[in-house]
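The values are calculated or read from the model by the stated rules, or taken from the named source; none is laboratory data. All values derive from a computational prediction rather than experimental measurement. Glycine gets a Cβ as well: all are built from the backbone with ideal geometry, and neighbour counts include every protein chain shown. These area figures cover heavy atoms from the full protein model, side chains too; ligands, DNA and RNA do not enter into them. Shrake-Rupley method; radii C 1.70, N 1.55, O 1.52, S 1.80 Å.
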Amino acid sequence: MDQAAIHDIFIVGGGINGCGIARDAAGRGYSVYLAEMNDLASGTSSGSTKLIHGGLRYLEYYEFRLVRESLMEREVLWRMAPHIIWPMRFVLPHADGLRPAWLLRLGLFLYDHIGGRKLLPATRTLDMRRDASAKPLKPLFSKAFEYSDCWVNDARLVVLNARDAADHGATIRTRAKVASARRDGDLWSIEVEDLLNGGIEQVKARLLVNAAGPWVDHVLSASLGLNDVHNVRLVKGSHIVVPKKFDDPRAYFFQNRDGRIIFAIPYEEDFTLIGTTDQDYDGDPAASTISDAEIAYLCDAASEYFAKPVQRADIVWTYSAVRPLYDDGASKAQEATRDYVLKVEDHSGAPLINAFGGKITTYRRLAEHMLEKIEPLLGARGKSWTAGAPLPGGDFAPTGFEAEVSRLKGSYPFLDLKLARRLTRLYGSKVRVLLGLAKSQADLGRCFGADLYEAEVRYLMAHEWAATADDVLWRRTKRGLRLTAQEAAELDEFIAAVRAGRHDAAAE
């Protein structure tokens, strides 16, 4: 194989860590190949609670370094991607018999002051006899605390990192399974199986990064042939989505009697997201689903606070994901560290670096630390750069979202405000690439339902690796909450026709 075909870095895994590493490395000048066996963000990275947060409860486990790094990242990420990340205020009611008010206030004091907060507002105390946030709750609370964190569209964060990596020269392959990887002298020889179209691609690389999330140990055993590996503790977290329980833009942080916490968060305009659970898991991460016990737990925990109970019949969608927590021997799933560990294996020529654990808030710092491990092995290239570089579509001020919507409406006056806001929330300034020369709604092509038009679907296929209706409906747009099963099936048929190059796709 000629020298030009040898990549510097081969990355296994298209979740947030893999795509974040690919972006950072490609931007420094390394040649990068990333293989994801399913869709981008199809595992853990689209199954989070959608928060860029310091992790208030991690203070109880003395995870001060992790909390500080996470708090510092909130505003960095908000500036990078103000279309998909924005501030959110959280209401934490003080409940008798649980954590005392002084302890909550001490934790929030640390939260406000150890992370370099500049734009996010500070904590304040609420009188729940007067504050509007008390309206949907039972009349049990006289005091609450309101603090700041950020919301993130997690699946889009992954895709935008992959898009930026590709724009910097990285090769991004989805539905591409690593069939085998072996050392061949000072190189890795990797077989990549194309799960969509068939065939095997042979790839060579100087260094292998295993960022396969919950499959990280599986990659070590199945693809690399290593036996008896156990580095991560798999913990399942599940969420339920119900019609919105409150009109307030703030979210709620609820303490449970068992010492755990759940969030109730405004979601996709018309819904409330409630989660998460923490359960050890030993099955296939791809097959994780919410259990009856988890549904009951979330409904009961939320109903302790809301005046109108949350019932099973209310649930419109659930999702579960398996978090690959670094196995530190903690006795309970909720106590296992959310920190990450990077381990270099360089004992026989071609180096391997494994990424264990981590959370979405710290993905960018994990990537920087990964590059610190890579540089001594491959030689330094460019300097760290991602902190000040916007993700695709995020090149406007962190507080400038409404102005961006107004600019879009000015350029495309036929868009109604709701659609203009939705498109700006997903694509930021890149929406102009999506809309192109459109002069009317008819120019956007076929509507599949819920204001999802052909122009958007084709953009997602051409620029964001969408290959099925699920990719579009549940990871790129969340329109799956609104389309009927029949509409989703018709979308799948359309995408299959486009992929097959059928000329009748637009007319179907």
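What to note about this one:
- Subset of region 419-454 (residues that are part of a helix (DSSP H, G or I), touching a Lys or Arg at 6+ places or on another chain (Cβ under 8 Å) and farther than 17 Å from residue 160 by Cα): 420, 454
- Scoring residue 464 on the criteria (1) touching a residue at least 40 places away in the same chain (Cβ under 8 Å); (2) surrounded by fewer than 17 Cβ atoms within 10 Å (Cβ to Cβ) leaves a single failure, condition (2).
- Within region 242-258, tally of residues that are part of a strand (DSSP E or B) and touching a helix residue (DSSP H, G or I) at 6+ places or on another chain (Cβ under 8 Å): 5
- Single residue of region 402-418 satisfying the filter (of a type in the set (Ser, Thr, Tyr) and part of a helix (DSSP H, G or I)) that is nearest to the chain's Cα centre (by Cα): 406
- Residue match in region 463-474 (condition: assigned to a helix (DSSP H, G or I), closer than 30 Å to residue 48 by Cβ and touching a Gly at 6+ places or on another chain (Cβ under 7 Å)): yes
- Enumerated strands (runs of 3 or more DSSP E) restricted to region 259-375, each holding at least 1 residues that are open to solvent by 30 Å² or more (accessible area, probe 1.4 Å) and among the hydrophobic types (A, V, I, L, M, F, W, C): 317-326, 340-345
- Scope region 173-210; condition touching a Gly at 6+ places or on another chain (Cβ under 8 Å) and open to solvent by less than 10 Å² (accessible area, probe 1.4 Å); matching residues: 209, 210
- Qualifying residue in region 5-20 (condition: of a type in the set (Gly, Ala, Ser) and in contact with a Ser or Thr (Cβ under 7 Å, 6 or more places away or on another chain)): yes
- Each residue in region 1-39 was checked for being outside any helix (DSSP H, G or I) and either within 15 Å of residue 368 (Cα to Cα) or more than 10 Å from the chain's Cα centre (by Cα) (or both), and 22 of them qualify.
- In the set (1) over 25 Å from the mean Cα position of the chain (by Cα); (2) open to solvent by 20 Å² or more (accessible area, probe 1.4 Å); (3) modelled with pLDDT under 95; (4) not aliphatic (A, V, I, L, M), residue 256 fails one condition alone, (2).
- Scanning region 489-498 for residues being open to solvent by 20 Å² or more (accessible area, probe 1.4 Å) and touching a Phe, Trp or Tyr at 6+ places or on another chain (Cβ under 8 Å) gives a total of 1.
- Looking across region 179-235, the residues that are modelled with pLDDT under 90 and touching an Asp or Glu at 6+ places or on another chain (Cβ under 7 Å) come down to 229, 230, 231, 232, 233.
- Number of residues in region 49-85 that are in a loop (DSSP other than H, G, I, E, B), at pLDDT below 95 and among the hydroxyl-bearing types (Ser, Thr, Tyr) equals 1.
- Among the residues listed as 107, 115, the single one being at pLDDT below 95 and in a loop (DSSP other than H, G, I, E, B): 115
- Filtered residue count, region 186-218, keeping only those that are part of a helix (DSSP H, G or I) and among the small types (Gly, Ala, Ser): 1
- In region 259-309, residue farthest from residue 56 (Cα to Cα) [restricted to those that are of a type in the set (Phe, Trp, Tyr) and at pLDDT 95 or above]: 271
- Options 400, 445, 428: the member that is within 28 Å of residue 78 (Cβ to Cβ) and either open to solvent by 50 Å² or more (accessible area, probe 1.4 Å) or in contact with an Asp or Glu (Cβ under 9 Å, 6 or more places away or on another chain) (or both): 428
- Some residue of region 235-252 being closer than 30 Å to residue 100 by Cβ, acidic (Asp, Glu), touching a residue at least 12 places away in the same chain (Cβ under 8 Å) and crowded, with 22+ Cβ neighbours inside 10 Å: no
- Checking each residue in region 132-169 for being among the charged types (D, E, K, R), in a helix (DSSP H, G or I) and farther than 22 Å from residue 56 by Cβ picks out 156, 163, 164, 167.
- The lone criterion from (1) within 21 Å of residue 267 (Cα to Cα); (2) open to solvent by 10 Å² or more (accessible area, probe 1.4 Å) left unmet by residue 471 is number (2).
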